[in-house]
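Shown next, in structure tokens, is the structure this report addresses.
Bear in mind these aren't lab numbers, they're just calculated from the coordinates by the rules spelled out. Because the structure is a prediction, the values reported are computed rather than measured. Positions of Cβ are backbone-derived with ideal geometry, glycine not excepted, and every protein chain shown enters the neighbour counts.
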Amino acid sequence: MFIVSTRQMLLDAQKNKYAVPAFNIHNLETAQVVIEAANEMKSPVILAATPGTIKFAGKDYLQSIVEIGSKKSKVPMAFHLDHHEEFKAIKESIDIGCKSVMIDASKYSFEENIEIVKSVVEYAHRFDVTVEAELGKLVGQEDDLVVEEKDSQLTNPKLAKIFVERTGIDSLAVAIGTAHGLYKSEPKLDYDRLNEIRNLVDIPLVLHGASGVPEESVKKCIGFGICKVNIATELKIPFSNAIKEYFKENPDANDPRKYFIPAKLAMKKVVVDKILMCKSNNRV
Ligand code: 13P
């Protein structure tokens, strides 16, 4: 196959009431885990990279890794820019073949958010690139993006309808009580709000901050119209814990070809579980 935009993927998920998982990757090894698991599970998949990851690994390296992975794959695969705030960085990635982007202008006023998102949509759609944007603000930390509790804001359904109509985006990230990073206690999700948004907005809806959200809650969100589920933190933990464990047992070890093996296996288990949670397995 080849890299695709998220348009068809998400529309199929919306029609058939499942969600496409979007896994944050950081390097070759984490991308390989996601690609391998998605193929084994016959699941469409999105590999996502934040600006921090792009800075760490390089947009061209990451784009190429996913492109090669998609050529070897039998499942639809998208490389997606997660939480990008700068038009310039988005444009540079589109120019080298990225087909799916998120412009996150949620820290600005409603009108400013609309104007920024509109300009990205205008550019991206010329190249058949899909655009996700966010209305409302999730509490927590995703790389360099930090939102304090006092600044967080749930999505207003009526404004969501206006936002979608005026921006022309392809998918909408909603704030309904999830958070980026780990939770101190079980999150209370606002299903009524999600349902109201779903009734007013017909494009695919995206759930950020899915790490640590109980499986049943995510499934309920999918029932209420979530078509893309973002997972980052819950993959980093098993990957790094397995490496810590490996060095505890092998204090003199120094070979990444060895210590990455248990890390990849531990991460893969979680990727498989999340695919099952999203009910995206056996879709291709
Ligand atoms: P978590 O790190 O909480 O899984 O959030 C991931 C996310 O929403 C990426 O955009």
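Summary of computed values
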{"item": "Extreme residue, positive dipole direction of segment 154-241, given options T178, C227, F163 (C-beta unit charges)", "result": "F163"}
{"item": "Within segment 140-165, backbone nitrogen closer than 20 Å to the virtual label 7 Å beyond the Cα of L182 toward Cβ", "result": "140-149"}
{"item": "Relative packing of peptides 252-263, 113-124 - highest average C-beta neighbours within 10 Å first", "result": "113-124, 252-263"}
{"item": "3J(HN,Hα) from dihedral phi, segment 157-169, Karplus parametrisation 6.51/-1.76/1.60, rounded to Hz, x for glycine, proline", "result": "x, 5, 5, 4, 4, 5, 4, 5, 5, 7, 8, x, 5"}
{"item": "Per-selection Rg to Rh, segment 49-176 - Cα, Kirkwood hydrodynamic radius", "result": "0.98"}
{"item": "Eligible aspartates and glutamates near K158 by straight Cα distance, threshold 20 Å, same-chain separation 8 or greater", "result": "D104, E111, E112, E115, E132, E134, D170, D190, D192, E196, D202"}
{"item": "Charge-dipole axis of the chain as Lys and Arg at +1 and Asp and Glu at -1 on Cβ define it, positive-most pick from S93, V270, Y61", "result": "V270"}
{"item": "Long pairs among K42/K118; K188/K228; K42/K161, criterion Cα-Cα beyond 24 Å", "result": "K42/K118; K42/K161"}
{"item": "Chain lengthening between E216 and E148 when straightened (0.36 nm per residue, less Cα-Cα)", "result": "21.8 nm"}
{"item": "Theoretical FRET efficiency, 1/(1+(r/R0)^6), r = Cβ-Cβ of A253 and F56, R0 22 Å, to 0.05", "result": "0.40"}
{"item": "Prolate/oblate/rounded call for segment 9-93, Cα gyration tensor, a/c under 1.5 rounded", "result": "oblate"}
{"item": "Cut-off under 5 Å, modelled amide H: who pairs with E85 long-range", "result": "D104"}
{"item": "Taking all pairs of distinct alpha-carbon atoms in the chain, Kirkwood radius in angstrom", "result": "18.8"}
{"item": "Distance (nanometres) between label positions extended 7 Å along Cα→Cβ at E40 and I261", "result": "1.5"}
{"item": "Distance from segment 33-83 to segment 108-150 (C-alpha centre basis), Å", "result": "21"}
